[in-house]
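Engineer: First the structure, which I've put down as structure tokens, then a few questions once you've had a look.
Derivation of every value follows stated rules applied to the coordinates shown; laboratory data play no part. Bear in mind the structure is a predicted one, so any value in this text is a computation, not a measurement. So basically every Cβ, Gly included, is an ideal-geometry build from the backbone, and we count neighbours across all protein chains shown.
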Amino acid sequence: MPSLLDPIFLRNLKIRNRIVMPPMATELSTRDGEVTEKLIQHYVKRSRDVGLVIIEHSYVSGNGKLSDHQLGIYCDRLIEGLSRLSKKIKENGAAVIIQINHAGGKASSRIIGETPIAPSPIKIPGGTENPREMNFKDLMEVKDAFREAARRAVEAGFDGVEIHGAHGFLLNQFTSPITNRRIDAYGGNPAKRMKFPLEIVEEVRRMLGEDKILLYRIGAVDLLPGGLTVEESMKFALKLEEYGVDVIDVSGGLCGSRPPSLTGQGYFIPIAEKIKNVVGIPVIGVGGIKDPLYADEIVRSGRVDLVAVGRAMLNNPDWASKAIETLRKIEADS
């Protein structure tokens, strides 16, 4: 079996190792979502020995913005700054993609200047107010926004995009039975709840073409009564593969990225492993991973294909370099 330090091909792209820097919001952008020099340096410091960098969630439209200084990808004016960001990271030898997102009902009227939109007019766990239910026009506008965001990512020189379908954001709001109470074609049973996210995937895949990679961050479990289960997400993962997703990045649903009920290193790995067992594409595992030996072991044992190290890399920009040094020393001594 491969190790954490072995390369992997994602579509036609060779990734030098299986260490992933996952998307983590920095609030280092301008109020208009523009790239700043401080944001670039944040990523440059952490990408020196990483295989794949996933840039933090970037809002695809004004009504999908979550926070004051969130990174944006909603208009062509932002391409120049995003190009500088992707170029600097690639100079470090890492592959780089950008996560595109719409906050949906987790947005607030204070930030976006209007009532947030969501699948159903239900307050989202973690949200601040009751959203309004999306109509057909809203659905079409969001699809267009994701497609155009993918185009900008390509023009800015990224190796692909990751669609954010986790952590209680809009696409996760569609897949969860807690937040999707629609009675039309986009709600009512699991197949209908996954319909809109799959339409987004279809639009983005078409825009990316054959050369760019497409990741989907799946909110695999809600960990709430009546919420999304891993069994349902395993079926969704199969559909994502069918629709052209290259890699599935497994995280939490409405419970977020750090649910209090899950503890210990690699708390999402058992869920990622279940999804890996049913799909034929690579799977990223995540969840409080700090120890390079543990990260190496879960790749060697075939539980996941790549490992995302978030908070540890945030705290120590040299985590990947130190991990590689540690694992190579062990190999040399054995």
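Engineer: On a full-extension model of 0.36 nm per residue, what is the gain between D184 and D144, subtracting their alpha-carbon distance, rounded to one decimal in nm? Walk me through the numbers on the way to the answer.
Structural biologist: Working: separation 40, 0.36 × 40 = 14.40 nm, distance 2.05 nm.
In short, 12.3 nm is gained.
Engineer: Quick one: if the Förster radius is 35 Å, what FRET efficiency do L224 and D68 give, using the C-beta to C-beta distance and rounding to 0.05?
Structural biologist: Numbers: r = 28 Å, r/R0 = 0.81.
Calculated value: 0.80.
Engineer: Between helix 195-208 and the chain, what is the angle of the helix's C-alpha long axis to the longest principal axis, kept within 0 to 90° and rounded to the nearest 10?
Structural biologist: Long axis of 195-208 versus the principal axis of the chain: about 60 degrees.
Engineer: Stretch R110-D211 to full length: gain in nm at 0.36 nm per residue minus the Cα-Cα span? Numbers along the way, then the final one.
Structural biologist: On the way: separation 101, 0.36 × 101 = 36.36 nm, distance 3.93 nm.
Length gained between R110 and D211: 32.4 nm.
Engineer: Give the lysines whose C-alpha is closer than 20 Å to that of K45, dropping any in the same chain fewer than 8 places away, or say none.
Structural biologist: Partners found: K87, K88, K90, K290, K322.
Engineer: Can you pull the semi-axes for segment 8-333, root of five times each eigenvalue of the Cα gyration tensor, sorted largest first, whole Å? Can you show the working numbers first?
Structural biologist: Working: eigenvalues 171, 105, 64 Å².
The three semi-axes for segment 8-333 are 29, 23, 18 Å.
Engineer: If packing is taken as the average count of other Cβ atoms within 10 Å, what order do 318-325, 303-310, 274-281, 117-124 fall into, highest mean first? Kindly include the intermediate steps, with their values, before the conclusion.
Structural biologist: Working: 318-325: 18.1, 303-310: 23.6, 274-281: 16.6, 117-124: 21.8.
Packing order, densest peptide first, comes out as 303-310, 117-124, 318-325, 274-281.
Engineer: What ranking do C255, C75 get, fewest neighbouring Cβ atoms within 10 angstrom at the top? Please report the intermediate quantities before stating the final value.
Structural biologist: On the way: C255 24, C75 14.
The fewest-first ordering by Cβ neighbours comes to C75, C255.
Engineer: Follow-up question, since we're still on this one. Just to confirm my numbers, what's the Cα centroid distance between segment 63-86 and segment 272-334 in Å?
Structural biologist: Between the Cα centre of segment 63-86 and that of segment 272-334, the gap is 29 Å.
Engineer: Please compute the length gained on full extension between R311 and N92, using 0.36 nm multiplied by the number of residues separating them and subtracting their Cα-Cα distance. Walk me through the intermediate numbers first.
Structural biologist: Numbers: separation 219, 0.36 × 219 = 78.84 nm, distance 2.07 nm.
Result: 76.8 nm gained on full extension.
Engineer: Determine Rg/Rh for segment 1-129; Rg is computed over alpha-carbon atoms and Rh is the Kirkwood hydrodynamic estimate from the same atoms. Before the final figure, lay out each step's value.
Structural biologist: Details: Rg = 16.6 Å, Rh = 15.9 Å.
For segment 1-129, the value is 1.05.
Engineer: If R0 is 35 Å, what FRET efficiency do you get for I330 and K239 from their C-beta distance, rounded to 0.05?
Structural biologist: Values: r = 40 Å, r/R0 = 1.14.
The formula returns an efficiency of 0.30 here.
Engineer: Something else about it: Using Stokes-Einstein with the Kirkwood hydrodynamic radius over Cα pairs, what translational diffusion coefficient do you get for segment 181-334 at 20 °C and a viscosity of 1.002 mPa s, in µm²/s rounded to a whole number?
Structural biologist: On the way: Rh = 16.9 Å.
Diffusion coefficient, whole number: 127 µm²/s.
Engineer: Any idea what the relative contact order of the chain is, in percent, if you count C-alpha pairs under 8 Å spaced at least 6 apart? Before the final figure, lay out the partial values.
Structural biologist: Values: 773 pairs, mean separation 56.6, N = 334.
Over the chain, the number comes to 17 percent.
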